[in-house]
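Visitor: The structure that follows is given in the form of structure tokens.
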């Protein structure tokens, strides 16, 4: 894609909310010419050992939006996260707005519907979400047109969303000294991830890139904003013209050494339902633990 369907001179106001429990950064993205905004990748708090759900992180975002008199139009999930739970339904109850994700959520639902032995009542058509995006789709936040880029590899449903001069990359990329995300989950592919990263790096060099996660490599402070130009020059996994073959070899060897994310089991069950907690036959919120299923 070379003719982008958005005005990249628009500079949305971006406010970040870091969740130290999951190393996740959520964003409120405000249209500079109206009071309309979007949320990207919200977080619901969970004490997994106690089986307790709370909403401190989401409440901070809700308070920020309400105090500034903003109107929430969209909640965007860049992908089905495996390391934190989405708070989208909770926020929607408080503030409204549509919940959107990539159309390949249907592939993720089919894959993990089997892993968690979900019954026929679990719909695998993405209908839990208000909108399913495909490559090149556009939508509006106030006066600002946003477009979606399909960037699979980490998961089949990964999308990058471009708001003017700001792109929200999910787990497609990390900060330059963090490199890239793993590609060994079901439906992931290191070669496809490399191709998706190149697609992101084809955006203008001054495009601001906002990460979904940061882990503070080598003890540095947490960061979440960089640029396409910086990533091309300095990303330790794909920068300076690293080859696709070298990336696949590195990523495959590296992924084989990684443990599963701590919250992958609850996260997948909740996030493939657009943030809703599954329920047992009596209507009680309940999570499953598949044994040797992942």
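Visitor: Work out how far the C-alpha atoms of region 1-108 reach from end to end along every principal axis, then list the three figures in whole Å, largest first.
Guide: If we take the Cα atoms of region 1-108, the spans are 48, 38, 24 Å.
Visitor: Students often check this: by mean Cβ neighbours within 10 Å, which of 248-260, 30-42 ranks highest, and how do the rest follow?
Guide: Packing order, densest peptide first, comes out as 30-42, 248-260.
Visitor: Something else now. Take the alpha carbon atoms of region 183-258, find their radius of gyration, then divide it by 2.2 N^0.38 Å using N residues; give the quotient.
Guide: 1.15
Visitor: Under a 10 Å cutoff between Cα atoms, tell me which one of 124, 208, 52 has the largest fluctuation in the Gaussian network model of the chain.
Guide: 52
Visitor: For region 162-294, what is the convex hull volume of the alpha-carbon atoms per residue, in Å³?
Guide: Per-residue hull volume (Cα only) is 137 Å³.
Visitor: Which shape class, rounded, prolate or oblate, goes with region 48-148 when its Cα gyration tensor gives a ≥ b ≥ c as root eigenvalues, a/c under 1.5 marks rounded, and past that a/b bigger than b/c marks prolate?
Guide: Oblate is the answer for region 48-148, as a/c is 1.5 or above yet b/c matches or exceeds a/b.
Visitor: Give, as ranges by residue number, the residues of region 52-85 whose backbone N falls under 16 Å from the point 7 Å along Cα→Cβ of residue 13.
Guide: Only 61-73 fall inside the zone, counting backbone N under 16 Å.
Visitor: Place a point 7 Å from Cα of residue 215 in the direction of its Cβ. Which residues in region 10-25 have their backbone N less than 14 Å from it?
Guide: So the set is 22-24.
Visitor: In addition: Determine the principal axes of the Cα atoms in region 149-213, then give the extent along each, sorted from largest to smallest and rounded to whole angstroms.
Guide: 32, 24, 17
Visitor: If I stretch the segment between residue 4 and residue 115 completely, what's the gain in nm (0.36 nm per residue apart, minus their alpha carbon distance), one decimal?
Guide: 36.1 nm
Visitor: Now a separate question. Please work out the Cα convex hull volume for the chain and give it in Å³ per residue.
Guide: Hull volume normalised by residue count: 126 Å³.
Visitor: Follow-up question, since we're still on this one. Please report, largest first and rounded to whole Å, the three semi-axes of the ellipsoid equivalent to region 245-294, where each semi-axis is the square root of five times an eigenvalue of the C-alpha gyration tensor.
Guide: Semi-axis lengths for region 245-294 are 32, 12, 7 Å.
Taken together, the values in this text are just the output of simple stated rules run on the coordinates, not laboratory data. Since the structure is predicted, the reported quantities are computational estimates derived from the model, not experimental observations. Ideal geometry is used to build each Cβ from the backbone, glycine not excepted, and the neighbour counts take in all protein chains shown.
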